[in-house]
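The values are calculated or read from the model by the stated rules, or taken from the named source; none is laboratory data. Treat the numbers as computed from the prediction; the structure is a model and nothing was measured. In this analysis, Cβ positions are derived from the backbone assuming ideal geometry, glycine residues included, and neighbour counts consider all displayed protein chains. Areas reflect the complete protein model, heavy atoms only, side chains present, ligands, DNA and RNA absent. Shrake-Rupley method; radii C 1.70, N 1.55, O 1.52, S 1.80 Å.
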Amino acid sequence: MGKKFYHASHFKHTLKKRSYNRYKRLEPLIKDDSLRIQSHLKPADPTLFKYWRFRRNLFSKIDSNGIYMTHELWFSVTPESIASFFANFVRACIPDAQVILDVFCGGGGNTIQFAKQFPKVFGVDFSLEHLYCTAQNAKVYEVDDRIWLKYGRWEKICAQEYFQDINVDCIFASPPWGGPNYLKKDVYDLETNLQPMGITKLLKSMLKISKNIILFLPRNSDLNQLSSVTRKLLGDKAKCKVLYVKENGHLKGVVAIWGDALVNYENGSTNNTENNKSTDDQDETDQKDIIPASFYDMDA
Ligand SMILES: C[S@@+](CC[C@H](N)C(=O)[O-])C[C@H]1O[C@@H](n2cnc3c(N)ncnc32)[C@H](O)[C@@H]1O
């Protein structure tokens, strides 16, 4: 992968060698190991307690005490059963896929589950701390050898065409929704609220790299905007499929899906049995289950 990416297995080492200034920024966190989660200890910030209670939903291996999180990751990591569902879904739809790109990879919730299914996974994030968490967490799941990380803003990375020469089979992205206020309005405007760019720009930037795209979006996302962006960028006959994602009966968000291989899948072809095993804390975690509750064929 040349000098463009950091291999997750040697993240610290390569960062120190190639980008000493960046390494220096991260060094205090590495030295005092302050991002490492000791599962039995509540986070210092009480506003995070509600996420900590469900910590095993985020990473089933959190009790290994080898998982790394930042403050932001407590409320933005994709819960493991959902991330596993997405990875199984892509595997079922594109069985011979080799390369997955996870834009906005955060703490590796999705990257790790993809790496369990596919030989090569790229993760992009503009937070060095988050990339460090992804690299560390991937070690716990023993998939660090399959993960390559890119530091930087997606806006810049796609403009500089870093992925142009790589045959990416599918792009997954869980972009920032703009904080908890996303539920305050009945309908979430995907052009003005989604970060770091609206849905049109985001989808356009990704279509240059792969035709198979999955975006994890707020549950109140404006479906009309998804329909019109599909028509605008892909033509009158193109389709976007929307899948409602539930965890423990709670609607967590929607995924918008583009690309024939993903859109034309057979219902029920994915299986999440590994993650249906309940962990301890029965009252907290209950049964983890992802139910594709509804499907909309957006006839653009
Ligand atoms: C919702 S979180 C992703 C969580 C991730 N899927 C996981 O399971 O850990 C969004 C991530 O996007 C990153 N991010 C926000 N703006 C970005 C940008 N312009 N370019 C790259 N990464 C960005 C944040 O640092 C954060 O880690």
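Only helices (runs of 4 or more DSSP H) wholly contained in region 124-208 count here; list those with 2 or more residues that are surrounded by fewer than 17 Cβ atoms within 10 Å (Cβ to Cβ) and more than 11 Å from the ligand (Cβ to nearest atom).
Qualifying helices (runs of 4 or more DSSP H): 199-207.
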If you scan region 90-126, which residues turn out to be touching a helix residue (DSSP H, G or I) at 6+ places or on another chain (Cβ under 8 Å) and among the polar types (S, T, N, Q)?
Asn110, Thr111, Gln113, Gln117
Qualifying residue in region 88-102 (condition: of a type in the set (A, V, I, L, M, F, W, C) and within 10 Å of the ligand (Cβ to nearest atom))
no
Which pairs turn up if I take residues in region 81-95 that are in contact (Cβ under 8 Å) with a residue 40 or more places away in the chain and look for partners that are of a type in the set (Gly, Ala, Ser) with beta carbon separation below 6 Å, at least 6 apart in sequence or on another chain?
Ala92/Ser269; Cys93/Ala261; Ile94/Ala261
Taking the residues in region 234-246 that are touching a Phe, Trp or Tyr at 6+ places or on another chain (Cβ under 9 Å) and open to solvent by 10 Å² or more (accessible area, probe 1.4 Å) as candidates, determine which candidate is nearest to Met197 (Cα to Cα).
Leu234
Hey, Met69 hits all of (1) more than 18 Å from Asn110 (Cβ to Cβ); (2) aliphatic (A, V, I, L, M); (3) within 12 Å of the ligand (Cβ to nearest atom) but one; which does it fall short on?
(1)
Based on this model, can you work out whether Leu35 counts as touching a Cys at 6+ places or on another chain (Cβ under 8 Å) and touching a residue at least 24 places away in the same chain (Cβ under 8 Å)?
yes
Taking region 110-120 and keeping residues surrounded by 22 or more Cβ atoms within 10 Å (Cβ to Cβ) and more than 12 Å from the ligand (Cβ to nearest atom) leaves Ala115
Taking the conditions exactly as written (surrounded by fewer than 12 Cβ atoms within 10 Å (Cβ to Cβ) and closer than 19 Å to Asp145 by Cβ), does Lys17 satisfy them or not?
yes
